[in-house]
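One structure below.
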Amino acid sequence: RVLFRSRTALEASLAALEGGKFAFSFSSGLAAEQAVLQALEPGAKVLVSEDVYGGTGRLFRRLFARYGFQFEFLDLSDLAAVEAAVDANTKLIWVETPTNPLLRVIDIAAMAKIANKVGAILAVDNTFASPILQSPLALGAHLVVHSTTKYIGGHSDLIGGALVTSDEALAEKLRFVQFAAGAVN
């Protein structure tokens, strides 16, 4: 019971930091990322930053690709390339900004407009910028992702992950995955 209250307090704090209504904590950043994909239907097309964090790329290419997800890795700073790649099957645009390791900066507001045209979720990994330097939800993102292991938690003083959104329907899907899959702290 005390752990549940602690997790609830953590999630409320994370939501407040990101300016969101709902937050979900996980046992690691990759567990949070896995929950996002588990909230999608198999076969979904996902556009991904080409120089995404290695663990994210491995999770997408080697694990979730086996379940029919269609991942397209491209330079998301090239808006023309993103416009050409997005279609009605695109269900998620995965932005990391700044990217890891090349530190490219992606225009979140522009990505939100593109995602909204096709009804895709715009997820922004805000691990490197943190809520101190960047507010993806205020720029139109639907979901913020964190490896709280990094800057929020003191850079490896703890292991954790988080998702933050203001979208109630998305929050319900994520809440179910968090409950059913058990990758929580």
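The values are calculated or read from the model by the stated rules, or taken from the named source; none is laboratory data. Remember, it's a predicted structure, so these values are computed and weren't measured experimentally. Cβ coordinates were reconstructed from backbone atoms using ideal geometry, including for glycine residues, and neighbour counts include every protein chain displayed.
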Filter the range 72-96 for residues that are within 16 Å of residue 41 (Cα to Cα) and aliphatic (A, V, I, L, M); which is surrounded by the fewest Cβ atoms within 10 Å (Cβ to Cβ)? 88
Sole residue being at pLDDT 95 or above, under 15 Å from the mean Cα position of the chain (by Cα), more than 23 Å from residue 175 (Cα to Cα) and of a type in the set (Val, Ile, Thr), chosen from 48, 118, 95: 48
For residue 7, work out the one condition from (1) within 15 Å of the chain's Cα centre (by Cα); (2) touching a residue at least 40 places away in the same chain (Cβ under 8 Å); (3) closer than 17 Å to residue 183 by Cβ it doesn't fulfil. (1)
Among the residues in the range 146-160, are any under 15 Å from the mean Cα position of the chain (by Cα), at pLDDT 95 or above, surrounded by 20 or more Cβ atoms within 10 Å (Cβ to Cβ) and assigned to a loop (DSSP other than H, G, I, E, B)? no
Residues in the range 41-57 that are surrounded by 13 or more Cβ atoms within 10 Å (Cβ to Cβ) and either more than 18 Å from residue 106 (Cα to Cα) or of a type in the set (A, V, I, L, M, F, W, C) (or both): how many? 7
With respect to residue 61, determine if the residue is of a type in the set (D, E, K, R) and free of Cβ contacts under 8 Å to residues at least 24 places away in the same chain. yes
